[in-house]
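Just so it is clear, none of the values below were taken in a lab; they were calculated from the coordinates. All figures in this text were calculated on a predicted structure; none of them were measured in a lab. Cβ coordinates were reconstructed from backbone atoms using ideal geometry, including for glycine residues, and neighbour counts include every protein chain displayed.
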Amino acid sequence: MRSKIATEARAGRYSVDVNSNSITNVGLLMRDGMVAPYKSPAREHIWPGLKDRDGLWTALYVRLYVIAYNTKMVAPKDAPTNWWDLLDPKWKGQKIGLDEEIELYGALSVRWGKDRAQKLFKGLAAQAPMERRGHTLIAQMMAAGEFPVSIAYGNRIEEMKGKGAPVDWADTADPVVASPSVVAMFANAPHPNAAQLFIDFALSREGQSLLKTFDRVTAHMEVPAPVPKLDLKNLKAFFVDTSVPARFEEFQKDYRAIFR
């Protein structure tokens, strides 16, 4: 989506009013001057840390990077409870399901400093994880018993658990990285007034409550999480912001060098 928007804009074609995307993709569009500020009145109910101070973006919901496990393969007392537990030798040899986690690596580099983040991810690479693309696929493979542990999205694990899948996740990690999917108005929106009305609704309690029905952990402070375990107030959450996409190429190069 980001590539399509950028390509069309460079060609002078402006067909986008509103873009909802990951913070990383919107951050990259911001770098190219393709996002316009709009401070919706509804922003006052959005979590601090989940909105840009200049009004360039506001979170709709967050994706929580969590450590998940198959409950038929791993007893709760033996499950990893923090990021460093994944480096235990018992998880070596394709026992960890892993997507290409550039954003997670970048977020932990911002939170901890690059040296500590590299130490964790070099340790993960040494574990010889099962690398696959797509967090939904990874969660499904873990539930099917392809591997006992994975890095997954918390809301996806809770959704699967609610349908009877043998999965669970650790809510004790410090931090639980919370990556927002955000909404932003395009800099050359052909219908700017409609764009603002849409953003107002999407951020309202009504709009956020609709998102909750899709098992989303919304950014609205007054809309509870789909299940209490996902409540941001009870987690050591670290919100990803545009400091990660600002250094995206750097983090991407680091990550791929580690997992080459």
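Tabulated data for the structure shown
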read-out: Size of electric dipole in the range 119-260: Cβ of Lys, Arg +1 and of Asp, Glu -1, about Cα centre, debye, nearest 20; value: 380
read-out: Of Lys163/Lys233; Lys72/Lys161; Lys212/Lys233; Lys77/Lys233; Lys51/Lys114, pairs whose Cα-Cα distance is over 19 Å; value: Lys163/Lys233; Lys77/Lys233; Lys51/Lys114
read-out: Cβ-based exposure ranking for Trp91, Trp57, in which fewest neighbours within 10 Å come first; value: Trp91, Trp57
read-out: Amide H within-cut-off set for Val177, under 5 Å, with H built and near neighbours excluded; value: Tyr65, Phe238
read-out: Degrees, to the nearest 10: 114-126 long Cα axis against longest axis of the chain; value: 50
read-out: Gain upon complete extension [Ala6, Arg247; 0.36 nm per residue less C-alpha separation]; value: 84.9 nm
read-out: Eligible aspartates and glutamates near Lys90 by straight Cα distance, threshold 12 Å, same-chain separation 8 or greater; value: Asp78
read-out: Between the range 98-177 and the range 1-54, the alpha-carbon center distance in angstrom; value: 27
read-out: Net charge over other residues, Cβ less than 12 angstrom from the Cβ of Phe251 (K, R count +1; D, E count -1); value: -2
read-out: Inter-label distance, nm, simple model (7 Å from Cα along the C-beta direction), Lys39/Asn234; value: 3.5
read-out: Environment charge of Trp169, counting only residues whose C-beta is closer than 12 Å and scoring Lys/Arg +1, Asp/Glu -1; value: -1
read-out: Order of His220, His191 - criterion: other Cβ atoms within 10 Å of each residue's Cβ, fewest first; value: His191, His220
read-out: Dimensions in Å of the chain - Rg and Dmax from alpha carbons; value: 18.8, 58
read-out: Cα-based helix-to-principal-axis angle, 192-203 vs the chain, degrees rounded to 10; value: 40
read-out: Cut-off under 5 Å, modelled amide H: who pairs with Val167 long-range; value: Thr71
